[in-house]
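Notes follow the structure.
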Amino acid sequence: MDDAAETPATHDFDKDYWERRWGGGEDGTPAVMGAHPASPYLAAETSGLPAGTALDAGCGGGAEAVWLAARGWDVTGADISAEALARAAGLAASEGVGERVRWVEADLATWEPDGRFDLVMTHYAHAAIPQLELYDRIAEWVAPGGTLLVVGHLHTHHTGHDDHHPPAEASATPSSITARLDPDRWDVVTAEERERATGAHEGHAATLHDVVVRATRRG
């Protein structure tokens, strides 16, 4: 479910939408092309964590899941799009970590995993529920002592929608995320706004605005 910064303002973020995004649709919706590199925040936010079990919620093309698997993690990658999961499995196989990643076709708005994880992460994923409710759901899947890592689109005062500003309902702020983490259950480690450069668009480089939140669930 990654790469949603280019989604239109009117959407359902349902299975049909994501299959069109990853496979290309008859209505002219462009396919998500190529393998995306892992999030630039992933290494910094997980560098001090011992390898364990991980869930990549809305794994898309699998870049983050494969990155973790290559570093000894046992990873579950969950996504609503079969097309995305097929690409992710191909990437894992090409990187020699296919046996360390389990791919699950799942709607994050309703799915429940069969266990908890030492690390639950999501990178620019969107489901057919409000964004903060998605973060509430995945936080419940973190094992005691485990880590929640949310990387998403920063909510700004920009109005409208273009290729570099997601719709408001698909974005958040650090404070809007951390306000939903019970301080009796969570220790917030990172809650920041970040910027990253992306490739040229119509001859111009773009700066994207992200939110990064990492929290540890108390044991």
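Distances between placed amide hydrogens fall under 5 Å for Ala191 paired with Arg214, all partners being 5 or more residues away or on another chain. For Arg116, the shell of other residues with beta-carbons less than 10 Å away shows a net charge of -2, using +1 for Lys and Arg and -1 for Asp and Glu.
Close amide-amide hydrogen proximity is noted between His155 and Ala172, Thr173, each under 5 Å apart and 5 or more residues distant or on a separate chain (H modeled in the peptide plane; Pro and chain starts excluded).
Each peptide among 54-63, 131-140, 114-123, 177-186 gets the average number of other Cβ atoms lying within 10 Å of its residues, and from highest to lowest they stand as 54-63, 114-123, 131-140, 177-186. Peptides 88-95, 67-74 ranked from most to least packed by the mean count of surrounding Cβ atoms within 10 Å: 67-74, 88-95.
Relative to the current alpha-carbon distance between Asp74 and Ala86, full extension at 0.36 nm per residue lengthens the span by 2.5 nm.
Evaluating 6.51 cos²θ - 1.76 cosθ + 1.60 at θ = phi - 60° for every residue in segment 121-129, the Karplus couplings come out as 9, 8, 10, 6, 8, 9, 10, 7, 9 Hz, glycine and proline recorded as x. Projected label points at Glu192 and Glu99, each 7 Å from Cα along the beta carbon direction, are separated by 3.7 nanometres.
Rolling a 1.4 Å probe over the protein heavy atoms gives segment 33-111 an accessible area of 41 Å² per residue. Assuming R0 = 45 Å, what is the FRET efficiency of Asp16 and Ser47, from their Cβ-Cβ distance, to the nearest 0.05? Result of the calculation: an efficiency of 0.75. For Trp186, the residues whose modelled amide H falls within less than 5 Å of its own, excluding neighbours fewer than 5 places apart on the same chain, are Arg218.
The values are calculated or read from the model by the stated rules, or taken from the named source; none is laboratory data. Remember, it's a predicted structure, so these values are computed and weren't measured experimentally. Counting neighbours? That spans all protein chains shown, and the Cβs are built from the backbone with ideal geometry, glycine included. Only protein heavy atoms, including side chains, enter the accessible area calculation; ligands, DNA and RNA are left aside. Shrake-Rupley method; radii C 1.70, N 1.55, O 1.52, S 1.80 Å.
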